1. Go through region 58-93 and report how many residues are assigned to a loop (DSSP other than H, G, I, E, B) and either among the acidic types (Asp, Glu) or touching a strand residue (DSSP E or B) at 6+ places or on another chain (Cβ under 8 Å) (or both).
2. Applying the selection to region 22-46, what residues are crowded, with 18+ Cβ neighbours inside 10 Å and either among the acidic types (Asp, Glu) or outside any loop (DSSP other than H, G, I, E, B) (or both)?
3. Looking at region 7-18, which of its residues are farther than 17 Å from Gln60 by Cβ and surrounded by 14 or more Cβ atoms within 10 Å (Cβ to Cβ)?
4. Looking at region 65-78, I want the residues that are free of Cβ contacts under 8 Å to residues at least 60 places away in the same chain and under 19 Å from Leu21 (Cβ atoms) and have a partner that is among the small types (Gly, Ala, Ser) and surrounded by 12 or more Cβ atoms within 10 Å (Cβ to Cβ) with Cβ atoms under 7 Å, at least 6 apart or on another chain. Which pairs are those?
5. As an exercise: evaluate Glu22 against (1) modelled with pLDDT of 95 or more; (2) closer than 23 Å to Leu70 by Cα and give the number of the one condition it does not meet.
Amino acid sequence: MERVRAAAAAGRFAEPVVVVLEGAARGGVDEGVADGVRVLYALGSGDDMLIAVATDAAGQVTLVSADRALRQRAEALGAGVASPGWLIDLLDR
């Protein structure tokens, strides 16, 4: 999360930046807003929560996932999609 927050602070992402965490990925990361990044915990399906966030967004959304079905659901809503590799490249700048 530190790298995501640093990239957000450097302006490498369009705002707002929302990260949805589920299961063990929640460990060590507090839910809430910090350094320009909003962290949400998925209590059920992380995919469903990501789609809900994309649906409720006021502007353009870019959803990062390797899950083909999730990417298709997001694209059907008009969201852009990107691969985890895209995100890693962005974080490595």
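1. The qualifying residues number 7.
2. Within region 22-46, Val37, Val39, Leu40, Gly46 qualify.
3. Ala7
4. Ala66/Ser83; Arg71/Ser65; Ala74/Ala54
5. (1)
The values are calculated or read from the model by the stated rules, or taken from the named source; none is laboratory data. For clarity, every value in this text was computed on a predicted model and none was experimentally measured. As a convention, Cβ positions derive from the backbone with ideal geometry for all residues, glycine included, and neighbour counts pool all protein chains shown.
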